[in-house]
Amino acid sequence: MYKSVNSGIDININKEDFTLAFKKISLSELSFNPFEKIGKEWLLLTGGNAENFNTMTASWGQLGVLWNKSVLTCYIRPNRYTYEFIDNGEYFTASFFGEQYRNALAFCGSHSGRDCDKVKETGLTPVETDGCMTFEEAELVLVCRKLYKYDMQESGFTTDDGIPEQFFSKDPYHRAYISEITAVYVKE
Ligand SMILES: Cc1cc2nc3c(=O)[nH]c(=O)nc-3n(C[C@H](O)[C@H](O)[C@H](O)COP(=O)(O)O)c2cc1C
């Protein structure tokens with residue numbers, strides 16, 4: 001049982017729920033277009049544990065190989081509440097959903113967990129796996145272990161395409177997290 005930090009309501013989090021709903025697969029069994037999956041379908045980045053966690057929507061990131069490891073790289077601005085959880089933890093999850101959850105992801109991408117309870121507002125069901133949190137409604141879950149982080153900065157840009165003006169005039173620069181994908185789960 002977990003007491004939602006913002007609303008104070010009790011929410012059931014049962015590890016067995018995850019095992020029943022998902023099966024573990026290998027990365028080589030994945031087949032999707034990463035540009036569609038990340039950029040168009042979006043995902044939830046969730047940091048923390050059953051005691052306290054937060055989730056936010058992302059549509060930027062990469063899947064690939066670095067240091068002979070299969071990695072996910074994601075980018076989180078430090079003013080996000082989720083940043084506090086992912087920056088402080090060793091593991092987090094990247095969770096992908098079917099189109100029927102578009103409104104839930106839109107909500108998690110336009111409201112802060114500092115001001116509302118995203119679980120209560122979206123109806124998503126938190127479940128625990130590998131010491132991390134994800135949601136029963138996800139169709140694909142990547143468990144990620146942080147390997148390397150760095151802060152993006154204006155001096156790193158190599159063109160004058162106007163990216164800093166477009167993306168960073170109001171909001172702070174992202175912190176990038178290169179993370180090893182340690183487990184992959186799909187909905188049974
Ligand atoms: C489609 C979409 C994609 C987003 N991608 C990112 C992203 O990659 N990095 C980021 O820092 N914020 C991104 N955001 C914004 C956060 O999801 C948003 O600020 C959210 O409310 C943060 O919630 P939090 O304060 O509870 O962490 C995105 C929002 C949307 C709607």
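Taking into account only those residues within the range 34-54 that are at negative phi and of a type in the set (A, V, I, L, M, F, W, C), which is surrounded by the most Cβ atoms within 10 Å (Cβ to Cβ)? Before the answer, list the steps.
If we filter the range 34-54 for residues that are at negative phi, which is where we start, we get 34-41, 43-47, 49-54.
Then drop every residue that is not of a type in the set (A, V, I, L, M, F, W, C), which leaves 35, 38, 43-45, 50, 53.
On the way: Phe35: 8, Ile38: 21, Leu43: 26, Leu44: 28, Leu45: 26, Ala50: 17, Phe53: 25.
Ranking the qualifying residues of the range 34-54, first place goes to Leu44.
Among the residues of the range 17-27, count how many are outside any loop (DSSP other than H, G, I, E, B) and hydroxyl-bearing (Ser, Thr, Tyr). Steps first, answer last, please.
To start, the set of residues in the range 17-27 that are outside any loop (DSSP other than H, G, I, E, B) comprises 17-25, 27.
Subsequent filtering for residues that are hydroxyl-bearing (Ser, Thr, Tyr) retains 19.
The total comes to 1.
Which one is nearest to the ligand (Cβ to nearest atom) among residues in the range 97-108 that are surrounded by 14 or more Cβ atoms within 10 Å (Cβ to Cβ) and within 23 Å of Phe32 (Cα to Cα)?
Keep residues of the range 97-108 that are surrounded by 14 or more Cβ atoms within 10 Å (Cβ to Cβ), which gives 97, 101, 104-105, 107-108.
Okay, now just the ones that are also within 23 Å of Phe32 (Cα to Cα), so 97, 101, 104-105.
Working: Phe97: 12, Tyr101: 13, Ala104: 11, Leu105: 7 Å.
So, considering only residues that are surrounded by 14 or more Cβ atoms within 10 Å (Cβ to Cβ) and within 23 Å of Phe32 (Cα to Cα), the one nearest to the ligand (Cβ to nearest atom) is Leu105.
What about Thr182, is it away from the ligand (no atom under 16 Å from the Cβ), in contact with a strand residue (DSSP E or B) (Cβ under 7 Å, 6 or more places away or on another chain) and not aliphatic (A, V, I, L, M)? Full working, then the answer.
Numbers: away from the ligand (no atom under 16 Å from the Cβ): yes; in contact with a strand residue (DSSP E or B) (Cβ under 7 Å, 6 or more places away or on another chain): yes; not aliphatic (A, V, I, L, M): yes.
Judged against the criteria, Thr182 is a match.
Quick check, is Lys24 near the ligand (Cβ under 10 Å from one of its atoms) and at negative phi? It would help to see each step written out before you state the result.
Working: near the ligand (Cβ under 10 Å from one of its atoms): no; at negative phi: yes.
Against the criterion (near the ligand (Cβ under 10 Å from one of its atoms) and at negative phi), Lys24 does not qualify.
Of everything in the range 4-31 that's closer than 21 Å to Phe53 by Cα and modelled with pLDDT of 80 or more, which residue is surrounded by the fewest Cβ atoms within 10 Å (Cβ to Cβ)?
Residues of the range 4-31 that are closer than 21 Å to Phe53 by Cα, as a first pass: 4-19, 21-22.
The next check asks that each one be modelled with pLDDT of 80 or more; those that pass are 18-19, 21-22.
On the way: Phe18: 21, Thr19: 14, Ala21: 16, Phe22: 22.
In this case the residue turns out to be Thr19.
Taking the range 28-58 only, how many residues are part of a loop (DSSP other than H, G, I, E, B), touching a residue at least 40 places away in the same chain (Cβ under 8 Å) and not aliphatic (A, V, I, L, M)?
Of all residues in the range 28-58, those part of a loop (DSSP other than H, G, I, E, B) come to 30-33, 41-42, 50-51.
Within this subset, residues satisfying the condition of being touching a residue at least 40 places away in the same chain (Cβ under 8 Å) are 30, 41-42, 50-51.
Retained after the next criterion (residues that are not aliphatic (A, V, I, L, M)): 41-42, 51.
Qualifying residue count for the region: 3.
Being at positive phi and surrounded by 13 or more Cβ atoms within 10 Å (Cβ to Cβ): is that true of Trp60 here? If you could, list the steps in order and put the result at the bottom.
Numbers: at positive phi: no; surrounded by 13 or more Cβ atoms within 10 Å (Cβ to Cβ): yes.
Against the criterion (at positive phi and surrounded by 13 or more Cβ atoms within 10 Å (Cβ to Cβ)), Trp60 does not qualify.
Can you tell me which residue within the range 72-90, out of those that are more than 10 Å from the ligand (Cβ to nearest atom) and in a strand (DSSP E or B), is nearest to Ala138 (Cα to Cα)? If you could, list the steps in order and put the result at the bottom.
We begin by selecting, within the range 72-90, every residue more than 10 Å from the ligand (Cβ to nearest atom); these are 72-73, 87-90.
Going one step further and asking which of them are in a strand (DSSP E or B), we end up with 72-73.
On the way: Leu72: 17, Thr73: 20 Å.
For the range 72-90, the residue satisfying everything is Leu72.
Could you check the range 61-71 and list, in sequence order, the residues that are within 12 Å of the ligand (Cβ to nearest atom) and either in contact (Cβ under 8 Å) with a residue 40 or more places away in the chain or more than 11 Å from the chain's Cα centre (by Cα) (or both)? Reasoning before the result, please.
Going residue by residue through the range 61-71, those that are within 12 Å of the ligand (Cβ to nearest atom) are 61-62.
Once the filter is applied, which keeps residues that are within 12 Å of the ligand (Cβ to nearest atom) and either in contact (Cβ under 8 Å) with a residue 40 or more places away in the chain or more than 11 Å from the chain's Cα centre (by Cα) (or both), the range 61-71 yields only Gln62.
The values are calculated or read from the model by the stated rules, or taken from the named source; none is laboratory data. All values reported here derive from a predicted model rather than from experimental measurement. For neighbour counting, all protein chains shown are included, and Cβ atoms are generated from backbone atoms with ideal geometry for every residue, glycine included.
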